[in-house]
1. Taking the options Leu112, Leu116, Leu62, Leu87, name whichever one is surrounded by fewer than 24 Cβ atoms within 10 Å (Cβ to Cβ) and closer than 19 Å to Leu422 by Cα.
2. Output the qualifying pairs, or none if there are none: Cβ atoms under 6 angstrom, residues six or more apart or on different chains, first residue in the stretch 48-60 and in a helix (DSSP H, G or I), second residue at pLDDT 95 or above and surrounded by fewer than 17 Cβ atoms within 10 Å (Cβ to Cβ).
3. Those residues that are assigned to a helix (DSSP H, G or I) and either within 17 Å of Val583 (Cα to Cα) or basic (Lys, Arg) (or both), I need them from the stretch 670-701; list them, please.
4. Do we have any residue at all in the stretch 220-231 that's more than 26 Å from Asn661 (Cβ to Cβ), in contact with a Ser or Thr (Cβ under 8 Å, 6 or more places away or on another chain) and modelled with pLDDT of 95 or more?
5. Among the candidates Val67, Val98, Val32, which residue alone is within 26 Å of Pro325 (Cβ to Cβ), in contact with a Pro (Cβ under 9 Å, 6 or more places away or on another chain), at pLDDT 95 or above and outside any loop (DSSP other than H, G, I, E, B)?
6. Being of a type outside the set (Asp, Glu) and part of a loop (DSSP other than H, G, I, E, B) is the filter here; which residues of the stretch 111-143 pass it?
7. What are the pairs, 6+ residues apart or on separate chains, where a residue within the stretch 343-355 that is within 12 Å of Phe387 (Cβ to Cβ) has its Cβ under 6 Å from a residue that is assigned to a strand (DSSP E or B) and acidic (Asp, Glu)?
Amino acid sequence: MLKNQILQPELLAPAGSFEGLKAVIQAGADAVYLGGNAFGARAYARNFSDEELLQAIDYAHLYNRKVYLTVNTLCKEEEMEAVFRYLLPLYEQGLDAVLVQDLGILRMIRRLFPDLPVHASTQMNVTGMNGVRLLEKEGVSRAVLARELSLEEIRRIHEVSPVELETFVHGALCYCYSGRCLMSSLIGGRSGNRGRCAQPCRLPWSAAWAGRKNKKDLCPISPKDMNTIEILPDILEAGVFSLKIEGRMKHAGYAAGVTSVYRKYLDRYLEKGRERYSVEEEDLRYLKGLFSRGGSTEGYYHRYNGPAMMSFSNEKKSTIQGTLPEEKPIPAEGSVRLVCGEPALLTVRCRDKDITVPGPVVQRARKAPVTVEDIRSRMGRMGGTGFVWDRLQVDAEEDIFLPVAALNALRRDAVRTVAEALLAPGRRQYPRDRVLESTSPDMKDRKSGGDPSAVRFSVSCETKDQVKALLAEEGISALYVPEECLEMALEEKRRRPSSCPEIFLLFPQVSRWEVQDDDIARFRGYLEAGLSGFVVRDFEMYAAFVLHGLSDVCVTDSSLYSWNQEAILFLREHGCLRNTAPVELNASEMKKRDNTDSEIPVYGYMPMMISAQCLQKNLASCTRDGRLLYLEDRYHARFPVQCVCRPWKGTDTDRKQCCYNIIYNSIPFGLLKEREEVLRLGGVGLRLSFTVEPPADAVRIFRDFRDAFRSGREPAGSLRMTRGHFRRGVE
C-alpha cells in the first residue's frame, strides 16, 4: 500500500465566494481553498472580505472540513508586514493551511507561525524530488506539484518523501509552467505572479516557421480544460493525496457540480477498488456540459505534450448551469430534562462533543402546564442554526411551567455552546512575546555601486556561436554557458587563465530529471577543472545543489524570485553565491531591496513563457532540431519561440524530458540609458542575457553596454529596446 493511501484521500474544491464555499462543502468537498482581497493568485475573483474569511473557517469547521488560504503571489518588501497582519486573525481563528509561492513568505510563516501548515503552491513550480525534499526540510507539509508532471514522476517523488502531494484533476490548464509566465505582465502590466493574469495566451496568434504560417483565427497556445475523472485510480495510486479542482473564477454552480461528480467517483473507488471502477456516460456528459473549452484533456499524467491537449480556440461552452445543492444541517442528538425546582437542562451530543447547558429553574404550573409536545415543538425549531435534531429525547415531569422565551433561549444557548465546542480545537492564541521583527535592509548603509569603470558584467549565452564570440571580449567578468559549450569554454580558460572570464555552467530553464550522485560527481569534476560555479533557473535544480552541499557556488537566476528581504535571506541561509534581481520590480521598489549580492539585469529578450508544449509539434510535426519559430499578435508584433530539445549530458533520461518551448518578448529589455539609476542600486554587477541574437549582434550589444556603463559613452546607434518594468512595475 502506498504511504498516502493509508489516509483518506482529500477532495479539494475552489471557492470564489461565500456562496461557493457553502456549495462545494455541501457537494462533498473535504477541503476548500479560497482567497481574500489581497495576496491571492486570483485577484479578479469575487474573493472574501476579512470578516467573511473568519466566517468561512467557522462554517467549514462546523462541517468538519478544512480551509486553505491562498497567499500565493509574490510580495514586495513594503507589503510583508501587511501579510503578517492579514494572517494573524485567521491563524487565531483556526485556518488549516496557507498556500505560498514566495520563498520570503514561506520563511516568514515558518518563523512567526511555526504551527501553521504551509502548502507549496503550484506557482512555486515544483517539478521533482529534490524540490520536495527541500520543502520538507523547511517544514512544508504539502506540495502542489507542477501540472506538467507525469504519473511516473509523481510516483517517484512520493516514494522518497512523506510530504503530502496535491495535483490538479479538473479545470483550466495554463500553457506555461505556473509561476514562470510573464506574458500578461510584459504585454499589459497585469502580472500572473500578482494574481492579475489577463490570459493573452487565449487570444488568436499567428505562428510562422520555415516559410509556413497558421490560420489567423487560430489560438495555438490555448489548452483544453482538464478532466481526469476516468483516470482517478491512476492518480491516487501514484501517491497523490489531495485531488484539486480548479475554478475560483467560475460560478458556484460549476464548482459544486464538478465537486459532486468527483465525490461520487472517489467514494466509488474507495469502496469498490480499481477493478469495479467505471464512469457513467451521463456523468461525462454532465461535466462537459458544465464547461468545455474545445473538449477536454487528461492533462500531462499520461502524455508529455501534443495537439490533443490544445483547443486551438477560445470558445467556451456551458450547456448546463450547475445547481447549488441544498444545505444539509449538522445532525445532533438532544436530551431535555425538566424537573420542578431544578434548572432546566439541555444536553447536546454532536460528533465527539457532549454539552449540557442549564436554563432557569423549572416552576410548578399555576394554570396551563407545559406539555411534552410544547417542549418538543420549541426545541425542534432549529431552522437557521445550521443544526438539526437527529434524535430529541424529552424527560419532563407533569404539571410544570417554563416560559416560551426561556425554552427558546435554552435552545439557542445550547446550539451556540456546542458550536463553540466544535470550533474550539481549531482556535489558536498567538504568543504575545513573538513579535514581528523587520528584516528590511538598512538603506543608510547602501553602497553607491563603486567605481563605474570597474563595474562587473556577467553574460549568459544560449548557443555555441555566442559563446565563441564573447569568450574573446574584454570586460566580461563571468560567462554563463550551457553544458554543451562547457568543454570549449574551460579549454579557453586554461589557455589564458588571467584574461578569460570566469566560467559558469548555465542550467536549462526547467529541470525534469533526477540529479543523482554521479551527476554531482561530474559537477565537482567541472569545478576541479576550472569551473567557477553554476547558474540555476528553477527551484528543483537549486534544491538539488542545496541538498548536495554545492549551493555556495550557485548563482540563482531572476526566475528564483527574491522580491523581498525574507526571500533574499532564504537564499542566503541555504547558500547562494549571488542572486539575480527580479525583473517585475520598478526602480523605486528595487531601491528598497538589499542588492548587496544581486546581479542587476540590464539586457535580454525576456522569457515570457516556459512551456512543456511544443508549438512546432502542435502545428506541424516535431523535428527536434531546436529551431526558432515566431508568434505574431494582432498588432503584428513578432515574438521569438525557441524549441529547446536537447538531452541532458551524462543521463539516460528520455529526450522528451528535456523538451520545452521558450516564448520571448518581441523586443529586448534594455537599460542602456538608465546608467546612473542602475548604478545607484548598488548591485554586485550587471547581467546581460543573450538568447536569439546572432553572435555579431551579441558582441556589439555587449560593447555598447560596457562602454556606456564604464565610461558613460553613448552608442552610435542603438537597438530598439523596452525598459520593461523598470519604470512602471506591476500592481
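1. On the way: Leu112 fails: closer than 19 Å to Leu422 by Cα; Leu116 fails: closer than 19 Å to Leu422 by Cα; Leu87 fails: closer than 19 Å to Leu422 by Cα.
Result of the check over Leu112, Leu116, Leu62, Leu87: Leu62.
2. Once the first residue is in a helix (DSSP H, G or I) and sits in the stretch 48-60, its partners that are at pLDDT 95 or above and surrounded by fewer than 17 Cβ atoms within 10 Å (Cβ to Cβ) give Asp58/Leu423.
3. Step one: list which residues in the stretch 670-701 are assigned to a helix (DSSP H, G or I), which gives 675-680, 695-701.
Correct list: Arg675, Glu677, Val678, Leu679, Arg680, Arg700.
4. First pass over the stretch 220-231, keeping only residues more than 26 Å from Asn661 (Cβ to Cβ): 229-230.
Then drop every residue that is not in contact with a Ser or Thr (Cβ under 8 Å, 6 or more places away or on another chain), which leaves none.
No, the stretch 220-231 has no match at all.
5. On the way: Val67 fails: in contact with a Pro (Cβ under 9 Å, 6 or more places away or on another chain); Val98 fails: within 26 Å of Pro325 (Cβ to Cβ).
Matching residue, one of Val67, Val98, Val32: Val32.
6. Taking the stretch 111-143 and keeping what is of a type outside the set (Asp, Glu), we get 111-114, 116-135, 137, 139-143.
Scanning the stretch 111-143 gives Phe113, Pro114, Leu116, Pro117, Ser121, Asn125, Val126, Thr127, Gly128, Gly139, Val140, Ser141.
7. Close Cβ pairs (under 6 Å, with a partner that is assigned to a strand (DSSP E or B) and acidic (Asp, Glu)) amount to Arg349/Glu333.
Results for (1) in a loop (DSSP other than H, G, I, E, B); (2) small (Gly, Ala, Ser); (3) modelled with pLDDT of 95 or more; (4) at positive phi, shown as yes or no for each residue.
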{"position": "Cys181", "(1), (2), (3), (4)": "yes, no, yes, no"}
{"position": "Ile187", "(1), (2), (3), (4)": "no, no, no, no"}
{"position": "Arg190", "(1), (2), (3), (4)": "yes, no, no, no"}
{"position": "Tyr254", "(1), (2), (3), (4)": "no, no, yes, no"}
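The values are calculated or read from the model by the stated rules, or taken from the named source; none is laboratory data. Everything numeric here is computed off the predicted structure, so don't read it as measured data. With ideal geometry, Cβ positions are generated from the backbone for all residues, glycine too; neighbour counts draw on all protein chains shown.
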